[in-house]
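Here's the structure, in structure tokens; my notes come after.
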Amino acid sequence: MARLAAAVFAQESDADLQGRAGELFGELALDNVVSVDGDLAAGCAEHAPYNAILIEGAVDAVPAGILDQLADGGRLITIVMENGIGRVTLFRKDGGHLSRRVIFDANAPVLKAFQNPEKFRF
């Protein structure tokens with residue numbers, strides 16, 4: 001990602017992992033990558049809007065607040081779980097309108113920050 005973008009914000013909610021990521025970015029001389037601590041489901045609004053957002057893992061749903069952080073023409077890609085099936089989905093914002101397209105099926109664990117609350121069952 002660092003080779004493709006002018007700036008990359010890598011967000012992590014686990015302070016230990018976030019600290020280690022920052023160290024590795026320095027060791028690898030990735031000067032355009034910043035390790036950011038924060039709630040994954042909230043995104044990183046202070047640096048928005050973004051031309052591209054990658055959520056590395058599956059989500060039950062992409063929070064509207066993250067989609068709002070896309071620039072016009074921006075794209076977000078992640079695995080969206082639909083009825084137990086993971087679908088790599090590309091979201092695109094154009095003229096304030098959001099579209100989505102399923103690219104292919106895939107599987108990954110649903111990230112804890114993006115899990116829907118469990119509903120009551122008998």
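The values are calculated or read from the model by the stated rules, or taken from the named source; none is laboratory data. Predicted, not measured: the structure shown is a model, and the values here were computed from it. Because the Cβ atoms are built from the backbone with ideal geometry, glycine has one as well, and the counts that use them run over all protein chains shown. These accessible areas exclude ligands, DNA and RNA; they are computed on the full protein's heavy atoms, side chains included. Shrake-Rupley method; radii C 1.70, N 1.55, O 1.52, S 1.80 Å.
Worth a mention:
- Accessible area in square angstrom per residue, the chain, 1.4 angstrom probe: 67 Å²
- Heavy-atom SASA rank of Phe9, Phe91, Phe25 (probe 1.4 Å, accessible area, largest first): Phe9, Phe25, Phe91
- For the chain: rounded, prolate or oblate by the Cα gyration tensor [a/c cutoff 1.5]: oblate
- Cα-based shape type of the stretch 5-56, given that a ≥ b ≥ c are square roots of the gyration tensor eigenvalues and the cut on a/c is 1.5: oblate
- Length-normalised contact order for the chain - Cα pairs under 8 Å, 6+ apart - percent: 20 percent
- Other residues with beta-carbon under 13 Å from the beta-carbon of Asn83 carry, at +1 per Lys or Arg and -1 per Asp or Glu, a net charge of -2.
- Around the amide H of Val8, modelled in the peptide plane, lie the amide H atoms of Val33, Val34, all under 5 Å away and 5 or more residues distant in sequence or on another chain.
- Among residues other than Gly74 with Cβ under 14 Å from its Cβ, the summed charge is +1 (Lys and Arg +1, Asp and Glu -1).
- Expected 222 nm ellipticity per residue - DSSP helices of 4 or more, -39500 (n - 2.57), all of the chain, to 500: -4000 deg cm²/dmol
- For Gly74, distant residues with modelled amide H under 5 Å away: Lys93
- Filtered trypsin sites (Lys or Arg not before Pro), the stretch 2-102: DSSP coil and at most 10 other beta carbons within 10 Å: Arg3
- Between the stretch 56-76 and the stretch 1-48, the Cα center-to-center distance that results, in Å: 17 Å
- GluC sites (Glu not before Pro) restricted to DSSP loop in the stretch 50-122 with at most 14 other C-beta within 10 Å: Glu118
- Per-atom-type breakdown for the chain gives carbon and sulfur 54% of the accessible area (1.4 Å probe, protein chains only).
- Built amide H within the under 5 Å cut-off of Gly86, gap 5+: Ala106
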